[in-house]
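Below: one structure, written as structure tokens.
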Amino acid sequence: MIENSENEKDSDPRMKMSRRENRARRLNVKQMWERGALDDHLVKERWSREFKNPRLKKIKNPTTHFEPENKLEGLVLEVHRRTCEVRLSDNRVVTAEYKATVVDELGEFPAVGDSVVLGVTSEEKYAVIKVHTRRSSLVRPGPRDRLRQELVLAANIDQVVIVASVEQPAFNYGFVDRFLLAANLNRLPFILVLNKMDLVSEMPKAITDFMKIVDQSIAISCETKEGLDELKKALQGKVSVFSGQSGVGKSTLINHLVPEAALRTGAVRHKDGKGRHTTTSSSLFDLPGGGMVIDTPGIRSLGLLNIDSNDLAKIFPGFFKEELFTCKFSNCLHISEIGCSVRKALSSGELSQARYESYLRILNAKE
Ligand code: GDP
């Protein structure tokens, strides 16, 4: 009787299985797992998918599944929800899948700028099977309630370039400051690019104050082409990640630096520039003179960095010369404490009010 009904089911795959049979199958998967026949991901969702789609088992150990001749090295140009664009050593660009369930084996989710190993399947499909260790990265923290869900905006970079405009929109101190802080925390040099110089006769004071504390600042105009040669020189031979608020002229600038950028961005860019992992991606471009540019999507703000208030007070860029903390109390937050060097510098005019206020905004946002 039972055999008969099984046969019937086999011949008619549309027929729904009873709950009891389903359970028996699940237990079977559990036993397989206990015997080590399944991979060691004890994830409920994975089990059920494993059962529904046995092909998934093929990637249970992606690093050993592919023969050496089926493994290729590549550079990640763009990352989407489940796939990424990868450039191989022969310059071919292919789309490769990556699976969230095998992130432990990958090492990390791929990010733009990553150097990866791809496996080629018999159907000529590509899968990311390993992400090589990064030498550096610019990381964006997750939302307030999910701080640990970090998003790597760019990997293996040499410097952070922030494009700001001197006018239209006005220079946004807080935005630039957060990136400066992030660059400092990641020990990456920071270049401030001030665009739209054609709109002002002289540099506004708040910006000149800021220029004093960054590694390099370059005043440019995409309109008059002023300063572009200096910028090209600073980018030559380096991997630079570009960020900037929308409207500052970042796209105009990148299209000028990389003529092929205009062709690629239009096709993949989404309107929602808030940077959700699913819809937006940074993009990597080669500079004609050598070096690369990673363009990050329009980010409204970098979000709060995962750093404790006391540490922030100690490393805030521009507060201490050579980062040597000189306040009387080691837990000084520079608010009203006695013997505070930061407030002393503020009253003597050595430190600008705008800079101090920017610090207070970041500090308050943390509490
Ligand atoms: P994005 O949002 O940062 O990518 O900004 P866009 O590149 O789209 O530029 C925003 C606006 O600024 C556009 O209307 C550009 O034409 C304009 N723009 C870009 N660079 C300059 C510049 O150097 N001077 C002036 N006056 N306008 C510029």
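Rank these for me by crowding, ARG140, ARG187, going from fewest to most other beta carbons within 10 Å.
The fewest-first ordering by Cβ neighbours comes to ARG187, ARG140.
Using a 10 Å cut-off around each Cβ, can you sort VAL239, VAL128, VAL120 from fewest to most neighbouring Cβ atoms?
With the fewest neighbours first, VAL239, VAL128, VAL120 line up as VAL120, VAL239, VAL128.
What FRET efficiency, computed as 1/(1 + (r/R0)^6) with R0 = 30 Å and r the Cβ-Cβ distance, is obtained for GLN353 and ASP308, rounded to the nearest 0.05?
Taking R0 as 30 Å, the efficiency between GLN353 and ASP308 is 0.75.
Calculate, in nm to one decimal, what ASN70 and THR95 gain on full extension: separation in residues at 0.36 nm each, minus their alpha carbon distance.
Result for the pair: 7.4 nm of gain on full extension.
For GLU260 and LEU88, compute 0.36 nm times the residue count separating them, minus their Cα-Cα distance, and round to one decimal in nm.
Contour length minus Cα-Cα distance gives 60.1 nm.
Take the cross-link list LYS233/LYS321; LYS250/LYS314; LYS196/LYS238; LYS130/LYS250; LYS205/LYS233; LYS196/LYS233 and give me the ones stretching past 30 Å between alpha-carbons.
LYS250/LYS314; LYS130/LYS250
What full-extension length gain, to one decimal in nm, is calculated for SER330 and ASP286 as 0.36 nm per residue of separation minus the Cα-Cα distance?
So the extension gain works out to 11.3 nm.
How high is the relative contact order of the stretch 154-236, in percent, with contacts defined as C-alpha pairs under 8 Å that are six or more residues apart?
29 percent
Read-outs: derived from the displayed coordinates by stated rules, not from any lab. Note that the coordinates shown come from a computational prediction; the quantities given were computed from them, not determined experimentally. Cβ: placed from backbone, ideal geometry, glycine included. Neighbour counts: every protein chain shown.
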